[in-house]
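Nothing in this text is a laboratory measurement; each read-out follows from the coordinates by a stated rule. Computed from a predicted structure; not experimentally measured. Here the Cβ is made from the backbone with ideal geometry for all residues, glycine too, and neighbour counts use every protein chain on show.
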Amino acid sequence: MRIGIVGFDTSHVVEFTKRLNRVDIEEEQWVEGAQVVAGFPGTSKIEDEQTLAEYTATVAGYGVELVDAPEELIGKIDAVMVEFQSGIVHLEYARPFLEAGIPTFVDKPFTCSVADAQQLAELAEANDVPLFSSSSLRYALEIQQLKAEQAQTGEVLGAMAYSPAGLHPENPGLFHYGIHAVETLYALMGPGCEDVWCVYEDGAEVVVGCWEDKRIGSIRGTRAGTHAYGFAAWCENEVRACSINPSYIYRELLKKVVGMFESGIAHLAIEETVEIMAFVEAAAKSAQNRGRATPLFD
């Protein structure tokens with residue numbers, strides 16, 4: 001599979017290319033079945049020009065062809081990864097590839113609004129093309145292990161996830177970095193959240209969600225002190241608390257991405273990703289209203 005990348009303002013571009021092209025990284029991190037062949041660096045609303053130039057030079061050094069416009073990738077690639085840090089621009093940059101029928105992965109945050117997320121989902125459906133978005137934390141080995149041991153642990157009755165939650169105006173609220181904790185929570189709980197409550201302070205925020213089956217899940221996004229990733233899951237037969245080792249999360253995510261490119265079937269239903277955008281949007285509304293209960297969808 002020939003992959004194109006759109007947007008070079010994130011370290012993911014370098015790290016993903018290393019693993020897919022199997023260069024400059026240990027063999028245990030390699031992901032087979034696809035190779036990055038071309039990319040559009042673009043400009044950035046988040047990263048500085050020097051860092052963008054460094055990422056671009058590194059990727060070009062791995063033999064990736066650079067183009068001057070995203071549309072120039074069409075005809076050169078079999079699939080595309082939209083990697084700009086700003087979720088606000090993802091609809092604009094993913095649209096031409098979905099309309100061309102090219103399987104598309106959109107990195108986190110998928111969008112910065114439910115409206116944009118729904119438009120992307122509708123474009124994918126209208127053009128019968130697979131569309132996938134996820135934080136790499138969703139596929140942490142610790143989460144995969146818990147799922148593999150479900151016969152032993154029983155169903156997840158509730159969960160709490162945590163991650164850093166740094167802020168940037170281009171990705172408001174939890175869209176910027178707290179999205180990792182939200183994705184972790186959804187990996188454990190699945191979709192079906194109806195209402196959220198958010199307590200927000202400069203150093204941290206806590207969001208509690210109530211699912212339609214009366215399960216309760218929460219996230220803690222941190223902006224002060226030591227940062228880490230992890231979760232606690234309350235299961236029928238076990239309570240499991242885990243710190244997440246991020247060493248293999250890119251490899252595990254890319255396995256799912258390449259799997260979609262090869263099969264034409266997304267690993268995660270796009271409806272769940274739209275719900276995650278609604279969770280983040282509702283959390284921001286709740287925070288603005290001093291923690292008032294806020295529905296995900298009116």
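A few notes on this one:
- Note on Ala57 and His227: with the Förster distance fixed at 41 Å, the Cβ-Cβ geometry gives a FRET efficiency of about 0.90.
- Only Lys, Arg (+1) and Asp, Glu (-1) charged, at Cβ; segment 158-248 dipole about Cα centre in debye: 260 debye
- Sites matching GluC sites (Glu not before Pro) across segment 1-37 that sit in DSSP coil, with at most 16 neighbouring C-beta atoms within 10 Å: Glu26, Glu32
- Net lengthening on full extension, Ala100/Glu262 (0.36 nm per residue, minus Cα-Cα): 56.6 nm
- A full extension of the chain between Val23 and Asp68 corresponds to an added length of 13.7 nm, given 0.36 nm per residue minus the alpha carbon distance.
- Projecting the Cα atoms of Ile216, Gly264, Pro246 onto the charge dipole of segment 180-270 (Cβ charges, centred on the Cα centre) puts Pro246 farthest toward the positive pole.
- The GluC sites (Glu not before Pro) of segment 230-298 that DSSP puts in a loop, and whose beta carbon has at most 16 other beta carbons within 10 Å, are Glu236, Glu238.
- Straight-line reach from Lys147: taking Cα to Cα under 18 Å and skipping same-chain neighbours fewer than 8 places apart, the aspartates and glutamates in range are Glu155, Glu183, Glu236, Glu238, Glu252, Glu272.
- Volume in Å³ per residue [convex hull over Cα atoms, computed for the chain]: 128 Å³
- Between segment 123-198 and segment 228-298, the C-alpha centres lie 1 angstrom from each other.
- When its C-alpha radius of gyration is set against 2.2 N^0.38 Å (N residues), segment 1-124 gives a value of 1.01.
- A simple spin-label model places pseudo-atoms 7 Å from Cα toward Cβ; at Gln119 and Glu272 they are separated by 2.6 nm.
- Sorted largest first, the spans of the alpha carbon positions of segment 66-197 along the three principal axes are 49, 34, 29 Å.
- Kirkwood-based shape ratio for segment 132-264, expressed as Rg/Rh from alpha carbons: 0.97
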